[in-house]
Amino acid sequence: MNQINYKIRREFEKDFKRLSKKFRSLEEDFEFAKIASIEPYHVGILDNGVRVKKDINAIFLISNFCTEELKICKLKKFACKSLKGRGVKSGIRIIYAYYVLTNTVDFIEMYFKGESENEDRERIKQYLASARIGE
């Protein structure tokens, strides 16, 4: 049973499909990142009930987009088996919104640093605008 309710935006799904063609293990790696990074960071408890210490270098809040109820986060430590020898320094980044009150993660963007150096801040702004009108 997941501690967090996960949602995937259409734009994220497109990013994911495109990158999956290049990195075949991405689907499995993505599921592992949820359990090993996102849930411990926000909930602090693994499925077996053990409280874990946050890896403060795995997830970063993206400044200027966060409130008390909504955190826009970047997962930087993403292990991708298709990128052998890199471990969590694969260069794959995940941008997501974390809703504190409902314990929900909404995935916004996935990118590879070899193709794009930073997150798409315009996409984040569009996401926040659509979230305010209840999309």
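The values are calculated or read from the model by the stated rules, or taken from the named source; none is laboratory data. Just so it is clear, the structure is predicted and the values come from calculations on it, not from any experiment. Cβ atoms come from the backbone with ideal geometry, glycine included; neighbour counts cover every protein chain shown.
When Ser90 is tested against (1) at pLDDT 75 or above; (2) within 15 Å of the chain's Cα centre (by Cα), just one condition goes unmet, and that condition is (1). Please work out if Lys21 is farther than 26 Å from Ala131 by Cβ and either modelled with pLDDT of 95 or more or not in a loop (DSSP other than H, G, I, E, B) (or both). Yes.
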